[in-house]
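Inspection log for the structure reproduced underneath, given as C-alpha cells.
The values are calculated or read from the model by the stated rules, or taken from the named source; none is laboratory data. Quick caveat, the model's predicted, so the values are computed rather than measured. All Cβ positions, glycine included, derive from the backbone under ideal geometry; neighbour counts span all protein chains shown.
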C-alpha cells in the first residue's frame, strides 16, 4: 500500500466577500465536509512527519491517504472570531475546526487540528497591517500562546518578515523584496528563519517544528544547504513549499526540506475542485481502507 498526504493551505486573512472564492474561512468550512464525505482522515503535521534523524520522512503508523490543514500569514482570523471591516463578523479558522471536529470523525483525530504559519517580526506585521489591511490590528500575536495551549492550532514559522514587497526594509541583503528565492546567504537565512523560530517560541510558548517558505519559494541555498544542517539544529522537522511535482502529494520519497502542498484559490477553487484533488490522493494509495 502506498502512503500519500495532501497538505491543504488556506489564507484566513483572504476575506473580500462572503463566498467560497472570496473568503478562505468559508472555503475551509465547505471543504471539511468534502474531506469527511470522502472518508479521508485529517492529521496534524506532528502526526505525519518524523524527526530528521528518523529512517524515513513519514511516521511509520501513517496509513493510506491523509490530509493535513495549514494556514499562512498568521492573521487574527486564524484563531479569534472577529469582525471584518467590510464583510462583517467572521468565525475564525480555529472555531470552524472546533465546530466541525464535533461532527466529522475524519477531523477528530488531528492533534492539533491544523498548523498556522505566522510572520514573526512584530514590526513587519504592524507595517503590513497599516499598509495592506485597514490598520485594524489584524496581525497581532497575543493569541499565539492560547492557540498552542488549546491544541487547536500549532504555531509555526513563515519567516521573519516574508521579504514582503510592502515593507520599506526587509532582511534581504539588497532589500530586493517580493520573492523568497533570493534568500541565499547564511546571514539572510539566520535573520529570516533562526530569528523567527526564537521569537515565535518566546511568544507562543512552543518552538516551531515546521517552516513554510513565503509564496512557496525556496532558494537552492535554503533547501540544499541551510535547512538540512541549521534547520535540524533549530529543531525543524520539515519545510513546506508549493507543488514541485505533477501531483503535489507528499510521499515517503518527498524531500523533507521541499515538501509540496496545495493552496486554496490556486490549486483548487471550489468544493468540486478539492474533491478531484482528493480523489487523486486516494487513487495514489491502492489498497487503503476507506
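What to note about this one:
- Out of 220, 252, sole residue that is surrounded by fewer than 17 Cβ atoms within 10 Å (Cβ to Cβ), touching a strand residue (DSSP E or B) at 6+ places or on another chain (Cβ under 7 Å) and either more than 26 Å from residue 14 (Cα to Cα) or touching a residue at least 60 places away in the same chain (Cβ under 8 Å) (or both): 252
- Hits in region 212-227 (condition: over 16 Å from residue 186 (Cβ atoms) and part of a helix (DSSP H, G or I)): 214, 215, 216
- Only one of the numbered conditions (1) more than 28 Å from residue 230 (Cα to Cα); (2) at pLDDT 95 or above is not met by residue 3, and that is (2).
- So residue 115, is it in contact (Cβ under 8 Å) with a residue 24 or more places away in the chain, outside any loop (DSSP other than H, G, I, E, B) and within 20 Å of residue 240 (Cβ to Cβ): yes
- Qualifying residue in region 69-90 (condition: at pLDDT below 95 and under 30 Å from residue 286 (Cβ atoms)): no
- Among residues of region 69-98 being part of a strand (DSSP E or B) and in contact with a helix residue (DSSP H, G or I) (Cβ under 7 Å, 6 or more places away or on another chain), the one that is farthest from residue 119 (Cα to Cα) is 90.
- Taken as a whole, the condition of being modelled with pLDDT under 95 and more than 30 Å from residue 284 (Cβ to Cβ) applies to residue 134.
- Candidates 272, 282, filtered to the one that is over 18 Å from residue 118 (Cα atoms), touching a strand residue (DSSP E or B) at 6+ places or on another chain (Cβ under 7 Å) and not in a loop (DSSP other than H, G, I, E, B): 282
- Residue within region 203-211 that is closer than 23 Å to residue 48 by Cβ, in contact with a strand residue (DSSP E or B) (Cβ under 8 Å, 6 or more places away or on another chain), touching a residue at least 24 places away in the same chain (Cβ under 8 Å) and in a helix (DSSP H, G or I) present: yes
- Some residue of region 159-169 being in contact with a strand residue (DSSP E or B) (Cβ under 9 Å, 6 or more places away or on another chain) and either assigned to a strand (DSSP E or B) or buried (at least 19 other Cβ atoms within 10 Å of the Cβ) (or both): yes
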